[in-house]
Amino acid sequence: MPKRDRQGPTNSLVTRVHQTMVRYDLIQSGEHIVIGVSGGPDSTCLAAVLHECMEEWDLTLHLAHLNYGTRGKESEADEQFVRCLAQHLNLEVSIERVTSDDLANSDHGSFQVRARTARYRYFERVAQQRGAHKIATGHTADDQAETVLMWALRGAGLTGLGGIPAQRAHQIIRPLISVTRTDVLTYLDAKHLTFQTDSTNE
C-alpha cells in the first residue's frame, strides 16, 4: 500500500477517495480490481478516479457491466457507453446480458432486489474469472444517507442505522462513500466526462 504520509492527488475528490482507501484499508498496492459500471455518474466517476490512482497504487482495473435489457434503447446505450468508457480509459471490460425472465426465475422479492442480486453475482463471477482481489462499486455519501433514512423509517435499531459500510465481506469496496453526488458531478464536469441517465429515476 502507498505510504500513509504520501500526499494524495491534487484534485479534491481524488484526494478524498485516496484518503478513504487508506483510512479503511480498502485496496492494497498491486491488486486487481473489478469495477461495476452501470454508465451512471457515480460508477463513471469511480472508474475515472481509480484510473487516476492506477500508477500510484500499481492497480490492474477491469470494468464489468450487466445489461438487464429492461429499458430498451436506453439499456443498449448504457452498454455502448460502458464499452466506450473502457476504450477511453484503455481498460478491459466484461459485459453480460440478462432478460426479465432470467431475473424472474432467479430470486424472490422486488425487481430491484433480484437485479441487485444478479448484478453482484455477475461481478463476483467476473472477479473470479479475472483473478481479481476486490470489486468496487460506486456508492456515495448520498446513498449512505438514503440508506440510513430508509432504515430509520422502518424502525431499525442502532445496528440497522449503520448504513452502507466502506467495505463488505472483505471483497466489495466502496471508495466513493465519503463523497457526495454533487462532488461526483463537479468532478465529471471538470474532466469533461459524460454519463448515462436512467429516465425511470426521473
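Quick check, is residue 58 out of contact with any Gly (no Cβ under 7 Å at 6 or more places or on another chain) and on the phi > 0 side of the Ramachandran plot? Considered against the rule, which asks whether it is out of contact with any Gly (no Cβ under 7 Å at 6 or more places or on another chain) and on the phi > 0 side of the Ramachandran plot, residue 58 comes out as no. Of all the residues in segment 32-68, those that are assigned to a loop (DSSP other than H, G, I, E, B), of a type outside the set (Phe, Trp, Tyr) and surrounded by 15 or more Cβ atoms within 10 Å (Cβ to Cβ) number 5. The number of residues in segment 80-110 that are in contact (Cβ under 8 Å) with a residue 24 or more places away in the chain and more than 22 Å from residue 128 (Cβ to Cβ) comes to 5.
One line per residue, one yes/no per condition, for (1) hydroxyl-bearing (Ser, Thr, Tyr); (2) out of contact with any strand residue (DSSP E or B) (no Cβ under 7 Å at 6 or more places or on another chain); (3) modelled with pLDDT under 95; (4) over 22 Å from residue 48 (Cβ atoms):
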position	(1), (2), (3), (4)
151	no, yes, yes, yes
154	no, yes, yes, yes
158	no, yes, yes, yes
161	no, yes, yes, yes
164	no, yes, yes, no
168	no, yes, yes, yes
181	no, yes, yes, no
200	yes, yes, yes, yes
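Mind listing just one residue for me: the one in segment 91-139 that is more than 23 Å from residue 176 (Cα to Cα) and among the hydroxyl-bearing types (Ser, Thr, Tyr) and, of those, surrounded by the most Cβ atoms within 10 Å (Cβ to Cβ)? Top of the filtered list is 106. When the residues of segment 175-202 are filtered to those that are polar (S, T, N, Q) and in a helix (DSSP H, G or I), which remaining residue is surrounded by the most Cβ atoms within 10 Å (Cβ to Cβ)? Across segment 175-202, the extreme among qualifying residues is 186.
Filtering 112, 144, 128 for residues that are at pLDDT below 90 and closer than 16 Å to residue 172 by Cα leaves a single hit, 144.
The values are calculated or read from the model by the stated rules, or taken from the named source; none is laboratory data. As the structure is a computational prediction, the values presented were derived from the model and not from experiment. Counting neighbours? That spans all protein chains shown, and the Cβs are built from the backbone with ideal geometry, glycine included.
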